[in-house]
Amino acid sequence: MNEQTPSKVMITGANGFIGNSLMRHYQQQGIEVVGVDLRGDGGAIVEGDIGNPETIAELLDQCDIIIHTAALVSNALSDADMWRVNVQATANLIAAAEKHKVRRFVQLSSIVAYGNSAAGKLHEDHPVHADGGSYVLTKLASEHAVLAAHAKGNIEIVIIRPGDVYGPGSRPWLILPLEAILKGQFMLPEKGEGFFRPIYIDDLIRGIVLAVASPEANGEIFNLSCQGYISSKEFFSRHYSWLNKKGPVLVSTRLALIAASLATKLAYLTGGVNEASTATVAQLSTKSWFSIEKAQRILGWVPEVSFDEGMERSKQWATEQGLLKK
């Protein structure tokens, strides 16, 4: 595979879990990189609004690659906010990228694009389905915006669908579960037999970097996930063991949906947000996993960090952050 080393990379959502990991990777490789986020850091991450990309026009002129990781990742926020950030801002950004002659636009989507009712082993050409709430719908719609731009022939695109990305700094799969377990508010639907597809953050970053550099990746969609799957019980049992607690608490999906609905109503009444929503319950009850054969064939990518090693690194980070204090 002939690689094209980027001259300058722009990463949106650079303060986020994935975006910040990408920033560190390119900095370590000596490749010029600039991050964009709503809050700058006075250094390599500049303040900018991707919904109004002309505010960063000068940066767009300088970059040949955009890796678009910025998104609202939530099963609880309003439909209007999710649409504005995940879809409209993406459409605005790729239109500006075309205008400023950015060579390649890499979109971070998600395996939720296949929908929560999909089952079995899914390849990239499996039909997508918007059954799963605003996050699923807006991830699908953002893919459409990127593919529509590519169809005009003015910009290269790659769409990445990561599995369940975990590791140091992961909010949905590390920080929030630990907090909920400590409060006695964590349970698993489908009696813990839903399929979990963990991919360690370092493996995901390697796959994205290969997709950025590969000429053959232009116009392609890639699943970046683990080989096969594990049960959600197996994944979250590690969190309980770190806290020296028995668990997880396993319930039927029906009971979990009732509990999630009540918790969402309570959060609404008290002005809070309940991420353990019915959409989250549906996501943790899925019975699908993802082929990574295409990424292996075109990018030469396979995950390298074992589940045991990835969880040990996650535990070490959680300990250092004080997240395991009883």
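The values are calculated or read from the model by the stated rules, or taken from the named source; none is laboratory data. All values derive from a computational prediction rather than experimental measurement. No Cβ is skipped: glycine too gets one built from the backbone with ideal geometry, and neighbour counts run over all protein chains shown.
For the stretch 206-262, the set of residues classified as surrounded by 19 or more Cβ atoms within 10 Å (Cβ to Cβ), small (Gly, Ala, Ser) and under 30 Å from Ser7 (Cα atoms) consists of Gly207, Ala211, Ser214, Ala217, Ser225, listed by residue number. Do the conditions hold for Ser142, that is, is it without any contact (Cβ under 8 Å) to a residue 12 or more places away in the chain, assigned to a helix (DSSP H, G or I) and not basic (Lys, Arg)? So Ser142 does not fit the description; no.
Is it true that Asn20 is more than 22 Å from Glu156 (Cβ to Cβ), in a helix (DSSP H, G or I), in contact (Cβ under 8 Å) with a residue 12 or more places away in the chain and not small (Gly, Ala, Ser)? Please lay out each step first, then the result.
Working: more than 22 Å from Glu156 (Cβ to Cβ): yes; in a helix (DSSP H, G or I): yes; in contact (Cβ under 8 Å) with a residue 12 or more places away in the chain: yes; not small (Gly, Ala, Ser): yes.
In short, yes.
For Ala76, the requirement of being small (Gly, Ala, Ser), at pLDDT below 85 and touching a strand residue (DSSP E or B) at 6+ places or on another chain (Cβ under 8 Å) is not met. Scan the stretch 8-50 for residues that are more than 21 Å from Arg104 (Cβ to Cβ) and small (Gly, Ala, Ser) and jot them down. Within the stretch 8-50, Gly40, Gly42, Gly43 qualify.
Inspection of the stretch 93-112 identifies no residue that is at positive phi, at pLDDT 90 or above and not in a loop (DSSP other than H, G, I, E, B). Only one of the numbered conditions (1) out of contact with any Cys (no Cβ under 9 Å at 6 or more places or on another chain); (2) surrounded by 21 or more Cβ atoms within 10 Å (Cβ to Cβ); (3) in a strand (DSSP E or B); (4) not small (Gly, Ala, Ser) is not met by Met10, and that is (1). Within the set Ser117, Ser78, the sole residue that is of a type in the set (S, T, N, Q), within 19 Å of Gly51 (Cβ to Cβ), surrounded by fewer than 16 Cβ atoms within 10 Å (Cβ to Cβ) and more than 15 Å from the chain's Cα centre (by Cα) turns out to be Ser78.
Being surrounded by fewer than 20 Cβ atoms within 10 Å (Cβ to Cβ), assigned to a helix (DSSP H, G or I) and out of contact with any Gly (no Cβ under 7 Å at 6 or more places or on another chain) is a description that does not apply to Asp125.
Of all positions in the stretch 169-180, at least one carries a residue that is closer than 27 Å to Leu299 by Cβ, of a type in the set (A, V, I, L, M, F, W, C) and either in contact with a Pro (Cβ under 8 Å, 6 or more places away or on another chain) or modelled with pLDDT of 95 or more (or both).
In the stretch 267-287, the residues that are among the hydrophobic types (A, V, I, L, M, F, W, C) reach residues that are modelled with pLDDT under 70 and part of a helix (DSSP H, G or I) with C-beta atoms within less than 7 angstrom, at least six apart or across chains, in these pairs: Val273/Ala267; Ala276/Ala260; Ala276/Ala263; Val281/Ala260. Note on the stretch 24-45: residues that are in a helix (DSSP H, G or I) and surrounded by fewer than 22 Cβ atoms within 10 Å (Cβ to Cβ) total 5. In the stretch 145-157, which residues are in a loop (DSSP other than H, G, I, E, B) and either surrounded by 13 or more Cβ atoms within 10 Å (Cβ to Cβ) or in contact with an Asp or Glu (Cβ under 9 Å, 6 or more places away or on another chain) (or both)? Scanning the stretch 145-157 gives Lys152, Asn154, Ile155.
Leu137 meets each of the listed conditions (1) outside any loop (DSSP other than H, G, I, E, B); (2) at pLDDT 85 or above apart from (2).
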